[in-house]
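Comments concern the structure below.
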Amino acid sequence: MKKELEALYRSKFITVDDALNMVHDGDIVYHGFYGNEPRHILRRFHEVADHVNHVDIWCTNPDEEYPFIMNDDLGSTIEIYTVFYGPTLRKKHHTGRIHYVPHHIHAAIPAIKECGATPNIFFASVTPPDEYGYVYMSGSQQTEAEIFDICDLKIFEVNENLPHVYGTTRIPLSKVDYFIDAPNPISEPPEPHVSPELWTLAEHVASLIDDGDTIQLGFGGLPHAVAEKLMDKHELGVHTEMFSNSLYHLMDAGVVTNNLKTVNRGKSVCAFCWGSKELNHYIDHNPMIEMRPTSYTNNPSIIAAHDNMVSINSALEIDLTAQICSESIGHVQFSGTGGATDYAYGAFHSKGGKGIIALTSTAQTKHGKVSRIVPMLTQGAVVSIQRNIVDYVITEYGIAHLRHQPFHKRAQELIRIAHPDFRDELKFQMKKLEIY
């Protein structure tokens, strides 16, 4: 890096105390997610309550149970806006301090701008600058690059452990107000548990994926199992919101080559990465991986432009007409719409595409085992994916192909793959509800 750029960079360093003192009454703060999460600032963000009456902060799926989230004594001094309910935010829903903004994730930026809480301060974590004077915001690009352009004050923690990922991640030193020296280990997701039912589900899913398809996978036991079952496939492509350990292993094994993609050929495209140290090492300066905002990765028209696009998502419950809820338990928000709708719609309209919803046939609740395939969605449940664009539904008992099928055939197919303990009741309810 040239001497003048080095001098500019060094002149912008401040402390966490300095950064917190720049937060004023009425400010709206937004922070980066996953690898971009500014953990040094967030661990002390509750301290702004000592000198402000009220601030709002946008928070999605935090790495830690930060005091500004967990401390009920803060009352309305620090209120939280979110586009996704992770486990930590769910714990504090009862406080009334957490406000969920429903949206499709490809349109997250308009939702943030129009909900009355447009941020003016942006905190994130970035790499040290490269030789040309650019830092890389390469843990996530979901909304970060676009929020950066909106905000007046931009303060970055510099973390030497972050990988350099290509795409829309580079930011010139001249556009950053301040830096904080803040080395941190990159957070890693928990090791997914794969039950026998999920292995069976994964076999069914893999049977629908052909050589040359472009796939979208998320995180968890099912995506992990699906990736294992895809190891004998060839020439797969990746266009996804999340780049996980599962996709890293498929690329490293040569299963994913991206050679046959109709969009961004030769590259795996994602909005954020979250995985192991090995994954972060693999994506560092890897020209075959690009990170872009969800306004691109989750845009249904972009997804649909990929021939043979296969989306793989899960759900909490599905009714006999194929309405799918993937984000709430009754009226209680559990997670968020996320990319499920975007990818289901895009895959449905892709030439040769397939939209897959895979779920275990039952769930265990405090009232005992219940069927995930139900006559009607639980009262208050959110319809995350319309029945009009539902394609394949899979349980451990088989595959139901529902695209363009009438109600009675949909119900019959869903009952066929329901848990045997619930099939008779579902047949009875089908008749009672006059599903013809």
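The values are calculated or read from the model by the stated rules, or taken from the named source; none is laboratory data. Since we're looking at a predicted model, the values are computed, not measured. Heads up, the Cβs are rebuilt from the backbone with ideal geometry, glycines too, and the neighbour counts pull from every protein chain shown. SASA here: full protein model, heavy atoms, side chains in, ligands and nucleic acids out. Shrake-Rupley method; radii C 1.70, N 1.55, O 1.52, S 1.80 Å.
Look through THR240, THR200, THR214, THR169 and report the one residue that is open to solvent by 20 Å² or more (accessible area, probe 1.4 Å), polar (S, T, N, Q) and on the phi < 0 side of the Ramachandran plot.
None of the others qualify; the one that does is THR200.
What are the pairs with Cβ atoms under 7 angstrom where one residue, in segment 57-79, is open to solvent by less than 30 Å² (accessible area, probe 1.4 Å) and the other, located anywhere, is among the basic types (Lys, Arg)? Sequence gap at least six, or different chains.
Note: pairs meeting the criteria are TYR66/ARG43; ILE69/LYS92.
On the basis of being within 30 Å of THR240 (Cα to Cα), of a type in the set (A, V, I, L, M) and out of contact with any Ser or Thr (no Cβ under 9 Å at 6 or more places or on another chain), does VAL29 make the cut?
It is true that VAL29 is within 30 Å of THR240 (Cα to Cα), of a type in the set (A, V, I, L, M) and out of contact with any Ser or Thr (no Cβ under 9 Å at 6 or more places or on another chain).
So ARG410 passes all but one of these: (1) among the charged types (D, E, K, R); (2) under 20 Å from LEU217 (Cα atoms); (3) open to solvent by less than 30 Å² (accessible area, probe 1.4 Å). Which condition number does it fail?
With (1) among the charged types (D, E, K, R); (2) under 20 Å from LEU217 (Cα atoms); (3) open to solvent by less than 30 Å² (accessible area, probe 1.4 Å) applied to ARG410, the lone miss is (2).
Residues of segment 402-431 being within 11 Å of ILE373 (Cα to Cα) and of a type in the set (A, V, I, L, M, F, W, C), which ones?
Matches in segment 402-431: ALA411, LEU414, ILE415, ILE417, ALA418, PHE422, LEU426.
Identify, from the list SER174, SER187, the residue that is in a helix (DSSP H, G or I) and surrounded by fewer than 18 Cβ atoms within 10 Å (Cβ to Cβ).
Testing whether each residue is in a helix (DSSP H, G or I) and surrounded by fewer than 18 Cβ atoms within 10 Å (Cβ to Cβ) leaves just SER174.
Just one of the numbered conditions (1) surrounded by 21 or more Cβ atoms within 10 Å (Cβ to Cβ); (2) touching an Asp or Glu at 6+ places or on another chain (Cβ under 9 Å); (3) more than 27 Å from GLU434 (Cβ to Cβ) is not true of CYS325; which one?
(3)
Condition (residue is assigned to a strand (DSSP E or B) and modelled with pLDDT under 95) applied to segment 331-343: is it met by at least one residue?
Within segment 331-343 (the criterion being assigned to a strand (DSSP E or B) and modelled with pLDDT under 95), the answer is yes, since at least one residue qualifies.
Is it the case, given these coordinates, that ALA347 is open to solvent by less than 20 Å² (accessible area, probe 1.4 Å), part of a helix (DSSP H, G or I) and touching a strand residue (DSSP E or B) at 6+ places or on another chain (Cβ under 6 Å)?
yes
So which residues in segment 1-31 are surrounded by fewer than 18 Cβ atoms within 10 Å (Cβ to Cβ) and touching a His at 6+ places or on another chain (Cβ under 8 Å), if there are any at all?
ASN21, ASP25, GLY26
Conditions (1) more than 27 Å from ALA271 (Cα to Cα); (2) at pLDDT 95 or above, marked per residue:
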{"residue": "LYS2", "(1), (2)": "yes, no"}
{"residue": "ILE14", "(1), (2)": "yes, yes"}
{"residue": "ASP18", "(1), (2)": "yes, yes"}
{"residue": "ILE28", "(1), (2)": "no, yes"}
{"residue": "HIS31", "(1), (2)": "no, yes"}
{"residue": "GLU79", "(1), (2)": "no, yes"}
{"residue": "ARG90", "(1), (2)": "no, no"}
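Does PHE148 meet the test of being open to solvent by less than 50 Å² (accessible area, probe 1.4 Å), modelled with pLDDT of 95 or more and assigned to a helix (DSSP H, G or I)? Explain how you work it out, then say what you get.
Values: open to solvent by less than 50 Å² (accessible area, probe 1.4 Å): yes; modelled with pLDDT of 95 or more: yes; assigned to a helix (DSSP H, G or I): yes.
So PHE148 fits the description; yes.
So which residues in segment 242-278 are under 20 Å from GLY32 (Cβ atoms) and aliphatic (A, V, I, L, M), if there are any at all?
Within segment 242-278, MET242, VAL269, ALA271 meet the criteria.
Cβ contacts < 9 Å: first residue more than 21 Å from GLU160 (Cβ to Cβ), restricted to segment 176-200; second residue of a type in the set (Lys, Arg), any location; separation 6+ or different chain. Result?
TRP199/LYS229
Return the pairs, sorted by first residue and then second, in which the second residue is assigned to a strand (DSSP E or B) and exposed (fewer than 15 other Cβ atoms within 10 Å of the Cβ), the first residue lies in segment 367-389 and is of a type in the set (A, V, I, L, M), the beta carbons are less than 6 Å apart, and the residues are 6+ apart or on different chains.
VAL370/ALA363
Looking at segment 18-101, what strands (runs of 3 or more DSSP E) fall wholly within it and have at least 1 residues that are more than 23 Å from the chain's Cα centre (by Cα)?
Details: elements: 28-31, 55-58, 78-82, 98-100.
The qualifying strands (runs of 3 or more DSSP E) are 55-58, 78-82.
If you go through segment 354-373 one residue at a time, how many are among the aliphatic types (A, V, I, L, M), open to solvent by 10 Å² or more (accessible area, probe 1.4 Å) and over 19 Å from PRO223 (Cβ atoms)?
1
Take the residues of segment 351-366 that are in a loop (DSSP other than H, G, I, E, B) and in contact (Cβ under 8 Å) with a residue 12 or more places away in the chain: which is farthest from ASP211 (Cα to Cα)?
Checked segment 351-366; the qualifying residue farthest from ASP211 (Cα to Cα) is SER361.
Any idea which residue in segment 87-103 is surrounded by the fewest Cβ atoms within 10 Å (Cβ to Cβ), counting only those that are touching a residue at least 40 places away in the same chain (Cβ under 8 Å) and within 20 Å of ILE385 (Cα to Cα)?
Just the residues of segment 87-103 that are touching a residue at least 40 places away in the same chain (Cβ under 8 Å), to begin with: 90, 93, 100, 102-103.
When the remaining residues are screened for being within 20 Å of ILE385 (Cα to Cα), the result is 100, 102-103.
Numbers: TYR100: 18, PRO102: 12, HIS103: 18.
The extreme case among them is PRO102.
Among (1) over 20 Å from HIS54 (Cα atoms); (2) surrounded by 18 or more Cβ atoms within 10 Å (Cβ to Cβ), there is one condition ILE112 misses while meeting the rest; what is its number?
(1)
Checking LYS154 against (1) surrounded by fewer than 17 Cβ atoms within 10 Å (Cβ to Cβ); (2) part of a strand (DSSP E or B); (3) of a type outside the set (Phe, Trp, Tyr), which single condition isn't satisfied?
(1)
Those residues that are under 21 Å from the mean Cα position of the chain (by Cα) and not in a loop (DSSP other than H, G, I, E, B), I need them from segment 115-142; list them, please.
Scanning segment 115-142 gives PHE122, PHE123, ALA124, SER125, VAL126, TYR136, SER140.
Restricting to segment 157-166, what's the tally of residues that are assigned to a loop (DSSP other than H, G, I, E, B) and either without any contact (Cβ under 8 Å) to a residue 24 or more places away in the chain or surrounded by 17 or more Cβ atoms within 10 Å (Cβ to Cβ) (or both)?
5
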